[in-house]
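In what follows, a single structure is set out as structure tokens and then discussed.
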Amino acid sequence: MGQSSGEAKRIRGIAARGTPLWERQPGTSDQGAKPDAIFARRRLNRWRAVLGSAKVLNRRLRSSEIPKAALEDLLGNAQREAELPSWASTIASILNLSSHSEAEDLDNITDRSFHPTQLLPFQEVLVGFVRHARQWLRAEAGAAIDVLCPSALVDFERQLLGHITFVASMTIGLDFYGFRFERAPASAIESVWCRQNRSTVIYSAYVQHMHCGGLVDLLDTHPVLARLLSQSVEQWVRATANFCLRFLDDFSNLRAQFDWRVKQPEGAVAHVRPDLSDRHHDGQTVTECVLRTDESVIYKPRTVGPEVAFYEFLGWLNSCNLSLDLKVLRVLDRTTHGWVESIPCAAVNSEAEVERFYIRAGMLLGALHALVTTDVHCENLIASGEQPVVVDLETLLSERAQDSQQSPEGQDPGGPSVLSTGFLPRWQTAPDGHRYDMSALGSDADQDAGIRLFAWRSINTDQMTLSEETSAPTSTTHRVRLAGALPSVADYLQEFLRGFREVYLCLLVNREDLISNDRLLSGFDHLELRILLRSSATYACLQLHLLHPEFLRDGLDRSIELEWLARPLGGTTTPQKGRIQVYDAERTAMEGLDIPHFGTLAWKTMRHTSDDPDLSLLCGERDSRVLERRLASLSAADCSRQIAIIKDAVRSRFGRRSLAKITHPAANPAA
């Protein structure tokens, strides 16, 4: 059904106001609107506050490709009408679909993406986005969509519904509060209102109101939200279609690599568990696929070359007759994406298994240290019985990051340190001053990394309220579990040190053979690895901040808040091109609700100048030469130093109770 001229004009207005600053065309609009000097001045003042000073703002404006006069026009709401972006067409189609659903019972909207017990806030309001995406996905994926059983397709659709309800619920919730207050002024006293028996009369009326024009009005008032929701639909369709096409294309290789019992790709995927990672590169996330034969595999929308190299290295270690084997996962790399053996989190049944877990954990630390690996935090380790398994290896060979690490007491440890892996217990300090530990061996359910999430209570009822900010929950799948308890490395430090010492000395004894193993070492060349510029928590906190309704009313205001990322651009008198490119990439990712992700190949194409060493050297060499240098640095004395660092790390996190268990000397690790 086509649009009326009034509807088309409204969509053009949403598109114009929802577009980010850097995508707008400066100049007088066709309607002759002139720039508002007051608006422009307010926005410049806010920009200055976000960047920290007028001096930094001036440098930032000089680095912009938009002339100052044109920029002031844009900040004053004067812009030329541009061609409608794709997301505007998407929002038009969705709103058109929602507004012509008269046949549906608006008192009882249902959809297969709704879970019977796990309600999502305002799911009935936003269901039109899922229905539009469902139709679009079938057209985009074609016959490849048949690899998904209906249950797996519902899993994917629920992923989209969960994402868009999270993005929109704060803004819709504010609107619902106003709607409810008009009908029940007593709701303003939430402490009393929420103690009433649950009812849905007002909520049902609100859903009807939203399907009869209220949603269009809300998105007209918050056009940035319209863009974010539409972009989310587009990203989900592309990412899900890519998964289906890749699974179909790779099926024969997957069967051979993972010894699957399933014979045909059609209907092979019974369930999926998406969102096992942050969103990167247009909303893509790591996904676990469970087949109808109960077999499973992990899909990663990136190359898994680092995993291939890492597990080849562990295989070589296992061939050196270690006292225990380390788990080697099966991997299939397809360059643009890859598949990795799925490892379940599982408890152990005896103390002997706990001991073997910590021996292997020490061995694993020795391997990670040799491979100059960083960022092995709690979400990147799985305790699978007595096997500790690292599941994200994009930060291999991070020599530059290692050099800047310090000991828990803040002193330079005097060379490469096992602390740099992120594997060992280690206190960190949040902006509010509280301490937490997100390491692979130290984090537990009580950790609070300082990321605050909003949460709804009494979801989709008249008593629905937004709770105070709560800390993001911390999983404990990285900790070995025995009879419901989580035995710590402090309780098994002797075993942990034994494992570390064994691998360290194995590498020391076999160093020359390893360095001459061209086949093994060449696997670490030309890998696409990750550059960690800022922590994911930093990006996530900024994303949450930008979901507040005040930043969804105009793309200009959201863009100015995002300029916080450009603060480093003011660190030098003349902004370097490399820094500008980095910020541009961060901004693009954040506008798509992604966590920015930098790979080594893309990083090397950026023009990092010699007078900007922080960025030009951040990547450095990321190949087998790093491994060779690390192997060359190994010695009996260094082994003793690393053991002392481990003891200090454990003591600083858990106290001194573990040290009494150590009965053998560590001063001479070669003994």
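The values are calculated or read from the model by the stated rules, or taken from the named source; none is laboratory data. Here the structure is a predicted model, which means the values were calculated and not measured. Virtual Cβ from ideal backbone geometry, glycine too; neighbours counted across all protein chains shown. Side chains included, ligands, DNA and RNA excluded: accessible areas come from the protein's heavy atoms. Shrake-Rupley method; radii C 1.70, N 1.55, O 1.52, S 1.80 Å.
Conditions tested, residue by residue: (1) of a type in the set (Val, Ile, Thr); (2) without any contact (Cβ under 8 Å) to a residue 24 or more places away in the chain; (3) open to solvent by 40 Å² or more (accessible area, probe 1.4 Å); (4) part of a helix (DSSP H, G or I).
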| residue | (1), (2), (3), (4) |
| --- | --- |
| Asp432 | no, yes, yes, no |
| Ser443 | no, no, no, no |
| Gln447 | no, no, no, no |
| Thr477 | yes, no, yes, no |
| Ala490 | no, no, no, no |
| Glu502 | no, no, yes, yes |
| Leu514 | no, no, no, yes |
For Leu329, the lone unmet condition from (1) assigned to a loop (DSSP other than H, G, I, E, B); (2) open to solvent by 60 Å² or more (accessible area, probe 1.4 Å) is (2)
Let me spell it out: the conditions are (1) modelled with pLDDT under 95; (2) out of contact with any Gly (no Cβ under 9 Å at 6 or more places or on another chain), and Thr609 meets all of them except one. Which number is the exception? (2)
Number of positions in region 347-381 that are of a type in the set (Gly, Ala, Ser) and closer than 20 Å to Glu312 by Cβ: 3
Given Ala309, Ala352, Ala347, Ala270, which one is farther than 22 Å from Val376 by Cβ, in contact (Cβ under 8 Å) with a residue 40 or more places away in the chain and of a type in the set (Gly, Ala, Ser)? Ala270
For region 54-77, which residues satisfy the criterion of being hydrophobic (A, V, I, L, M, F, W, C) and either over 19 Å from Arg579 (Cβ atoms) or not in a helix (DSSP H, G or I) (or both)? Ala54, Ile66, Ala69, Ala70, Leu71, Leu74, Leu75
Do the conditions hold for Leu508, that is, is it surrounded by 14 or more Cβ atoms within 10 Å (Cβ to Cβ) and either more than 30 Å from Val167 (Cβ to Cβ) or touching a helix residue (DSSP H, G or I) at 6+ places or on another chain (Cβ under 6 Å) (or both)? yes
Just checking, which of Leu254, Leu228 is open to solvent by less than 30 Å² (accessible area, probe 1.4 Å), at pLDDT 95 or above and closer than 20 Å to Leu332 by Cβ? Leu254
Check region 99-114 and report whether any residue there is in contact with a strand residue (DSSP E or B) (Cβ under 6 Å, 6 or more places away or on another chain) and either modelled with pLDDT under 85 or open to solvent by less than 80 Å² (accessible area, probe 1.4 Å) (or both). no
Looking only at region 349-383, count every residue that is within 29 Å of the chain's Cα centre (by Cα) and part of a loop (DSSP other than H, G, I, E, B) and tell me the total. 6
Restricting the search to region 557-597, which residues are of a type in the set (A, V, I, L, M) and at pLDDT 95 or above? Ile560, Leu562, Ala589, Met590, Leu593, Ile595
Could you tell me which of the residues Ala92, Ala143, Ala133, Ala82 is assigned to a helix (DSSP H, G or I) and surrounded by fewer than 21 Cβ atoms within 10 Å (Cβ to Cβ)? Ala143
How many residues are within 18 Å of His280 (Cβ to Cβ), surrounded by 15 or more Cβ atoms within 10 Å (Cβ to Cβ) and within 20 Å of the chain's Cα centre (by Cα) if we restrict to region 332-348? 4
